[in-house]
Amino acid sequence: MIQRMLMRRERAWRQTAARWLARPAAVAAPGLWGLALAVAGILAWGPSPEVSAQDLTLGGRLQVQVGVPLAGTDSQLVDPSTELRLKLDNAKDQGAFHADLVFREDGAQPLPPSWNLRTAYGTVNAPSWELSFGKQVVAWGNTDLFNPVNVLNPDDLSNPTKDPADMKLPVLMTKFTYYPAPGGDTSLQAVVVPVFTPSLLPEPGSYWAPPAPEYPQAIPVQGALVPVSRVENPEISLPAATPENAAVGLRLGTTLPVLGGSQVAAVYYHGHLHTPTPVLQVEPDPTASQQPSVILKPALHYDPVNTFGAEFSTSVAGIGLSSTVGYSLTPDKDGTDPNTANPSGMAVVEASYVFANGLNLSAEVAESYAKGDRGQADQWTTQTGLLLMHQPTDRLTWQTALLYNVSDKGGVIRPQVQYTLTDGVTATLAAFAFFGPENSQLGGYHDKSLATLSLSCAF
Amino acid sequence: MRTQGTKVRLGYDVGRLRERRVRGQARHGLGRSILDGLAGLALVLAVSVGLVAAQAFVPAAIPEAGAGGVLAAPTAQQVMERVQNFPVPKTMHGQLSMTLVSGGKGLARKMEIWQQGRDKTVIKFLEPADVRGTAFLAILSEGGGDDTMMLYLPALKAVRRVAGSQRQASFMGSDFTYDDIANLGIRVEDYTYQMLATEKGASGPIYVISATPKKPGKYTSLKLWVPEPVTLPSRVEFYQGKELLKTLSVEHMQDFGSYRLPTKMVMTDRSSGHQTIIQLSDLETDVALPAYTFTQRFLTMPL
């Protein structure tokens, strides 16, 4: 029963976890080591006397956004944010350096404004290999919405209205890619992530934070209900930064001469899940003097995982087809340990087509599987995604995205209109309308539906 | 890997490239084929066009003399073959500016382009800043089979395939499609030609030719103006049925050494009046390019 309760309240637990997890990722990560890395990179690839000043490129983007609730009677502005992103690129013949320094004031997160060295990495090129080191994002898989093999970087789950391009959190990693034929598309890539970083969850008290967890007032013990005397603060267990906990990824990709040229890849990842597994421990309360009572000790830990996956993309009859599949094995292969995540898998198929009038249609279907605990049925979940996009003029783009979970009947629809005021300056009006049962994954956010207006200036 | 100031950065043999650098003087190259011409498509084309093209100073094939010593007028097929037969630089590298004009207001894009022969093209966006790093790769397959088009989206760190129908979509908001840009779909053997008329031009006749694709596509026919001496079409009209969709015109051509290349082309959408102006600069031909230039790897490499 406790386990079932935990499953129902997993999302709430994440809120508690966020109190501990959000700060290390958002505040500590951009600390001194990152700055040192950036400086080292700049120095390493710094302009030499004979190098044109154009080798060093500075740019950035300033974006402001506000939101207006679509549900309820609260008419105040919500989810305001200001973000200034400064980009530095230094490219040479045999290497390059890139860094992103981000200042963000996010009204949806009860955190002070902060500077974050989002990325800082250098790349060295040779005809048959490429080495990249630093804080970066490495994306695997060729489906955009659902992607079971894009697991090297943790996710930023703090705000679903964020730019999808920012949904992956850069982490320190080393990437080595070998090209057997420099003029070909066959590559073997190895990635090492030495230090584990969890996914970023909504800060407690933020607009997107889930409801506070509700703990039972009593626990059944040997047929009798034993009252809960107290609930301790969650214990967060991050994998230690040791060599054996380093994540390793391998990817072999190539192009096959079938269906007019199809891209295929096989991937393997050994590391830890980036989202926590909740555990609720029950212990007798030693301070109880007369009536027996128990203490609840919630804990969150990150289970080891081995993920095997494959990618495929081609085109048939003018339709672009992409597929990504992945299966993750955990230490609890048989589902006998309720405190360990069970094996799971996902298969995704994406099809895209552009009509004669320029309307772009993309659709994804994802079938997920999670092994059930002992005595419980396996879980199968079907999710779909649909994207319609059209650019009637060179300045105006509209799109409508729909995400719908067939299994729990919850979803979100997001219409968006973007207008380019001038080169690099765009205004975007969007809405996020959540729907579905309260206990569905997305329907639970129905009271969070909002419209957003953002202004972005790239320079 | 880019050209900066007087320096060409191509990953290796920089000194050699410097020597080959062409800065507004002679040495051109464009030229590719009819394709270019034709279709013009392409930015080609322009670049390409240019690119492809041809040794401008090499006179096109002289029409055979007919009975009585009178030169017989060439057929449409012969004209187009002459367009296609212009020599093509082995490689080309240059800067490309693309201006989108609507209602008197314009949006500017700056790009860098690499081409190999008539089959491989890479374009990387330099400006505006919000699309910087976006890169496009097109590879024509040998024998007219399936072609490859890839688009690199730097924000997502992802390379995505441009599928069949997507090739007919607008290329970054311009009046060119991805097919146009890649100069695909304009193979001579993919069309049947008909001579519609011969107009009188400043330096000789101008052949007006209708080209009908053998396979259905976005355009049901093209109408080309090819002036003598034959290099490439000076104007192309794109039809869907009887409706004129777009017009491509070569506004300026320039001699670069043994090549004559278009340096300014304008594509006009006839229904909206929207225009895309393409200008080519800093062109260098037959430069040494790394073997990985026309691969996904190069798409993802920083500018």
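A few remarks follow.
- With 10 Å² as the minimum drop in accessible area between chain alone and full protein complex (1.4 Å probe), the qualifying residues in segment A:313-344 are A:Ser313, A:Thr314, A:Ser315, A:Gly318, A:Gly320.
- Cα lying deepest toward the dipole's positive end in chain A, options A:Pro284, A:Gly249, A:Pro392, charges on Cβ: A:Pro284
- Averaged over B:149-162, number of beta-carbon atoms from partner chains that fall within 10 Å: 5
- For B:Arg187, no residue whose modelled amide H falls within less than 5 Å of its own remains once neighbours fewer than 5 places apart on the same chain are excluded.
- Modelled this way, with points 7 Å down the Cα-to-C-beta line, the labels at A:Arg230 and A:Phe176 are 5.2 nm from one another.
- Sites A:Ala363 and A:Thr287, calculated FRET efficiency, Cβ-Cβ separation with R0 41 Å, nearest 0.05: 0.10
- Inter-chain neighbour count for B:289-302: the average number of beta-carbon atoms from partner chains within 10 Å of each residue's beta-carbon is 5.
- The longest part of chain A holding none of the exposed loop trypsin sites (Lys or Arg not before Pro), meaning those outside H, G, I, E and B in DSSP with at most 12 other Cβ atoms within 10 Å, is A:1-332.
- Interface residues of segment A:390-411, defined as those with an accessible-area decrease of at least 40 Å² between the chain by itself and the complete set of protein chains (probe 1.4 Å), are A:Asp394, A:Arg395.
- Once the Cα gyration tensor of segment A:2-458 is diagonalised, semi-axes √(5λ) in Å: 38, 27, 26
- B:Glu251 long-range amide H proximity, modeled H, under 5 Å: B:Lys264, B:Met265, B:Val266
- With Cα atoms, 0 to 90° folded angle of helix A:10-23 axis to chain A main axis: 60 degrees
- B:Glu81 accessible area, 1.4 Å probe, all protein chains in place, Å² to nearest 10: 70 Å²
- On the basis of the beta-carbon distance and an R0 of 22 Å, A:Leu84 and A:Leu429 show a calculated FRET efficiency of 0.55.
- Relative to the longest principal axis of the Cα atoms of chain A, the long axis of helix A:32-44 makes an angle of roughly 10 degrees.
- Rounded to the nearest whole Hz, the Karplus-based 3J(HN,Hα) values (6.51 cos²θ - 1.76 cosθ + 1.60, θ = phi - 60°) of segment A:185-197 follow the sequence 10, 7, 8, 10, 10, 10, 10, 10, 10, x, 10, 6, 10, with x at glycine and proline.
- Available extension along the chain between A:Ser407 and A:Gln376 is 9.4 nm, counting 0.36 nm per residue and deducting the alpha carbon span.
- Distance-filtered residues of segment B:162-201 - backbone nitrogen under 19 Å, label point 7 angstrom along B:Thr212 Cα→Cβ: B:186-198
- Sites B:Lys200 and A:Thr400 - FRET efficiency at Förster radius 51 Å, r taken between beta-carbons, to 0.05: 0.45
- Estimated at 0.36 nm per residue, the fully extended path between B:Ala72 and B:Lys242 surpasses their Cα-Cα distance by 58.1 nm.
- With all protein chains in place and a 1.4 Å probe, the accessible surface of segment A:2-458 carries 62 percent carbon and sulfur.
- Amide H partners (placed H, <5 Å) of A:His274, local residues excluded: none
- Counted residue by residue at 0.36 nm each, then reduced by the alpha carbon distance between them, the extension gain from A:Glu105 to A:Leu250 reaches 48.5 nm.
The values are calculated or read from the model by the stated rules, or taken from the named source; none is laboratory data. Quick caveat, the model's predicted, so the values are computed rather than measured. Methodologically, a virtual Cβ is constructed for each residue, glycine included, from the backbone with ideal geometry; neighbour enumeration extends over all protein chains shown. Only protein heavy atoms, including side chains, enter the accessible area calculation; ligands, DNA and RNA are left aside. Shrake-Rupley method; radii C 1.70, N 1.55, O 1.52, S 1.80 Å.
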